[in-house]
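Chemist: Before I ask anything, let me first share the structure, which is written out below as structure tokens.
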Amino acid sequence: MGRATSFNMTYFLSRTSSRQALVVVVMAWCFSSSVQADTSVFAARAVAAKDNRGQIFAVVDKTAASVSLYDASGKLLATSPVLLGQAKGDASVPGIGERPMADIAPHERTTPAGRFKSEPGKNLTGETIVWIDYDAAVSMHRLRPSNPLEKRPERMATATPSDNRITYGCVNIPADFYDRWLLPTLGNTAGVVYVLPETKPAKALFSFLR
């Protein structure tokens, strides 16, 4: 397996002084290495079981707050940090996709886990997105301007995943990573998105792990 691209190093370095650069590079390398080791085992099992149906796929690891993109053969293409649903949990509240965002309570803002048939699409403003669960209105999309009090860019830039829980359930991805890697792949054709659970064993959701 060839070396995959990690978004972290370029993004972090652009936000740090030269004195901080070495520490940031080490943290970014550790993030990328640990995520690749964990999700690549999962990806290999999915491909061996033909669960991805010969399609390109992504693995969202909620515990690590990361997304890893794989080609149809299971080769790792790229990895990036992400922002996830504010609340811990592996299921969406029934009917949440039909409700105004202002009516969604903090404890309901989960990113659902499981295997999803992804589709490219657009939101109500015409922005290109990748649908994970259309009925629940959960997608992968670029990190957008938002309430400055939420500090989303700053949360994305930290080396730890503990502060990456802030969205209503969607997976927020750095814009340049999205445009370089997701837009020409899952943003252009149907694929598969696996979201790893955080409240139960992965084998409870994915039969090919049993």
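Chemist: Restricting to strands (runs of 3 or more DSSP E) lying wholly in the range 114-210: which have 3 or more residues that are at pLDDT 95 or above, among the β-branched types (Val, Ile, Thr) and surrounded by 15 or more Cβ atoms within 10 Å (Cβ to Cβ)? Full working, then the answer.
Modeler: Working: elements: 114-122, 128-133, 138-142, 165-167, 171-173, 191-196.
Of the strands (runs of 3 or more DSSP E) lying wholly inside the range 114-210, those with at least 3 residues that are at pLDDT 95 or above, among the β-branched types (Val, Ile, Thr) and surrounded by 15 or more Cβ atoms within 10 Å (Cβ to Cβ) span 128-133, 191-196.
Chemist: Here are some conditions: (1) farther than 21 Å from Thr39 by Cα; (2) in contact with a Cys (Cβ under 6 Å, 6 or more places away or on another chain). Pro148 meets all but one. Which one does it not meet?
Modeler: The single condition Pro148 does not satisfy is (2).
Chemist: I've got another one for you. Filter the range 100-113 down to the residues that are part of a loop (DSSP other than H, G, I, E, B) and more than 29 Å from Phe57 (Cβ to Cβ), then identify the one that is modelled with the lowest pLDDT. Quick ask: steps written out before the conclusion?
Modeler: Initially, the range 100-113 is screened for residues part of a loop (DSSP other than H, G, I, E, B), giving 100, 104-105, 109-113.
Then keep just the ones that are more than 29 Å from Phe57 (Cβ to Cβ); that gives 100, 105.
Numbers: Pro100: 93, Ala105: 96.
Among those residues, the one meeting the criterion is Pro100.
Chemist: Here's another thing I want to ask about it. Is at least one residue of the range 145-159 closer than 25 Å to Lys75 by Cβ and either in contact (Cβ under 8 Å) with a residue 12 or more places away in the chain or touching a Phe, Trp or Tyr at 6+ places or on another chain (Cβ under 6 Å) (or both)?
Modeler: The first filter runs over the range 145-159 and keeps only residues closer than 25 Å to Lys75 by Cβ, leaving none.
For the range 145-159, residues closer than 25 Å to Lys75 by Cβ and either in contact (Cβ under 8 Å) with a residue 12 or more places away in the chain or touching a Phe, Trp or Tyr at 6+ places or on another chain (Cβ under 6 Å) (or both): absent.
Chemist: Can you pull out every residue in the range 39-65 that is among the small types (Gly, Ala, Ser) and within 17 Å of Ser118 (Cβ to Cβ)?
Modeler: The first filter runs over the range 39-65 and keeps only residues among the small types (Gly, Ala, Ser), leaving 40, 43-44, 46, 48-49, 54, 58, 64-65.
Passing the criteria: Ala43, Ala46, Gly54, Ala58.
Chemist: Turning to a different aspect of this structure: Could you check how many residues of the range 65-85 are assigned to a loop (DSSP other than H, G, I, E, B) and surrounded by fewer than 21 Cβ atoms within 10 Å (Cβ to Cβ)? Lay out the reasoning, then the answer.
Modeler: Step one: filter the range 65-85 for residues assigned to a loop (DSSP other than H, G, I, E, B), giving 65, 71-75, 82.
After this cut, where a residue has to be surrounded by fewer than 21 Cβ atoms within 10 Å (Cβ to Cβ) as well, the list is 71-75.
Result for the range 65-85: 5.
Chemist: Also, I was wondering about something else. Can you tell me how many residues in the range 53-64 are crowded, with 20+ Cβ neighbours inside 10 Å and among the charged types (D, E, K, R)?
Modeler: Residues meeting the conditions: 2.
Chemist: Taking the range 62-86, which residues are small (Gly, Ala, Ser) and in contact with a Cys (Cβ under 9 Å, 6 or more places away or on another chain)?
Modeler: First pass over the range 62-86, keeping only residues small (Gly, Ala, Ser): 64-66, 68, 72-74, 78, 80, 85.
The one that is small (Gly, Ala, Ser) and in contact with a Cys (Cβ under 9 Å, 6 or more places away or on another chain): Gly85.
Chemist: If you don't mind, another one. Assess whether Pro112 counts as being out of contact with any helix residue (DSSP H, G or I) (no Cβ under 9 Å at 6 or more places or on another chain) and either free of Cβ contacts under 8 Å to residues at least 60 places away in the same chain or among the polar types (S, T, N, Q) (or both). Don't jump to the end; show me each part of the working.
Modeler: Values: out of contact with any helix residue (DSSP H, G or I) (no Cβ under 9 Å at 6 or more places or on another chain): yes; either free of Cβ contacts under 8 Å to residues at least 60 places away in the same chain or among the polar types (S, T, N, Q) (or both): no.
So Pro112 does not fit the description; no.
Chemist: Looking at the range 87-103, which of its residues are crowded, with 19+ Cβ neighbours inside 10 Å and over 27 Å from Ala49 (Cβ atoms)?
Modeler: Ile96
The values are calculated or read from the model by the stated rules, or taken from the named source; none is laboratory data. Because the structure is predicted, anything quoted here is derived from the model rather than measured. Backbone-built Cβ (ideal geometry, glycine too); neighbour counts: all protein chains shown.
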